[in-house]
Amino acid sequence: MTTTFPDISISTDRLVLRPFEDVDVDACTEMMNDELITSWTTVPQPYTRDDAQAWITRQAPAERSQGHGIVFAVTEFLTQRLVGVVSLSHTDWRVRSAELSYLVAPWARGEGYASEAALAAVQWLFDDQRFERVELRTAADNTAAQQVAQKIGCISEGVLRGAWIARARDGAGVWSEFRTDLIVWSLLPEDLDGVSEQFAEASGYTSFPEWN
């Protein structure tokens, strides 16, 4: 049984999902210091260039090599600018399931990149890797992440009460932690029927990926 994902890139009309590279260090550092990313993820705060270097050279590649999942840097096809991250993690090779997560840089929001990249990743996972289930977990107040889940066809399965620690910054700029619920979503191959076509019509571009 295969227990690691191939080292690949996935392309859509506007985006390329590829492994992180050394040239991404500065953009990754800037992206991870964004307030919304700090609020809803577990990235260190402040996020330093050393943190980015460790993520790009060791931690992200280890997700794939150790069979845990795969991490994609999301870049614009035309500019090659880093615009986000899509990850598949907590992979269960027997059940053929993985957990999806995504984030978008502040300079790239409002373009539909999260939905486009997430859809490309799950299409590849289902069609090429023959997986049967994707799970997502979004913080209860993270409406942007929930909208992406709904847009790509995910079904809400329930709530994990008090299952996440989020962060907020007060008027003085001091970060503090608070407990919040997680909404659990799932996506099966049949849930994608018609989603690509609807997505393309709404956004004005096709969303079927090609991978190599």
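The values are calculated or read from the model by the stated rules, or taken from the named source; none is laboratory data. Predicted model only: the values in this text are computed from it and were never measured. When we count neighbours, we look across all protein chains shown, and the Cβ atoms used for this are built from the backbone with ideal geometry, even at glycine. Accessible surface areas use protein heavy atoms only, side chains included; no ligands, DNA or RNA. Shrake-Rupley method; radii C 1.70, N 1.55, O 1.52, S 1.80 Å.
Annotations for the structure displayed:
- Qualifying residue in region 75-87 (condition: on the phi > 0 side of the Ramachandran plot, polar (S, T, N, Q) and either part of a loop (DSSP other than H, G, I, E, B) or crowded, with 24+ Cβ neighbours inside 10 Å (or both)): yes
- Members of region 17-35 that are open to solvent by less than 40 Å² (accessible area, probe 1.4 Å) and out of contact with any Asp or Glu (no Cβ under 8 Å at 6 or more places or on another chain): Leu17, Arg18, Phe20, Asp24, Val25, Ala27, Cys28, Met31, Asp34
- Residue in region 6-29 that is of a type in the set (D, E, K, R), modelled with pLDDT of 95 or more and closer than 29 Å to Thr180 by Cβ present: no
- Applying the set (1) under 17 Å from the mean Cα position of the chain (by Cα); (2) surrounded by fewer than 16 Cβ atoms within 10 Å (Cβ to Cβ); (3) more than 16 Å from Arg14 (Cα to Cα) to Trp107 leaves exactly one unmet item: (3).
- The residues of region 132-144 that are in contact with a Leu (Cβ under 8 Å, 6 or more places away or on another chain) and either part of a strand (DSSP E or B) or closer than 17 Å to Tyr102 by Cβ (or both), listed by number, are Arg133, Val134, Glu135, Leu136, Arg137, Thr138, Ala139, Ala144.
- Filter pass, Asp128 being without any contact (Cβ under 8 Å) to a residue 60 or more places away in the chain and acidic (Asp, Glu): no
- Test for Gln123: is it without any contact (Cβ under 8 Å) to a residue 12 or more places away in the chain and part of a helix (DSSP H, G or I): no
- One residue stands out among those in region 39-65 that are touching a residue at least 60 places away in the same chain (Cβ under 8 Å) and over 18 Å from the mean Cα position of the chain (by Cα): the one that is surrounded by the fewest Cβ atoms within 10 Å (Cβ to Cβ), which is Ser65.
- Residues (part of a helix (DSSP H, G or I) and closer than 25 Å to Thr12 by Cβ) located in region 57-74: Ala60, Pro61, Glu63, Arg64
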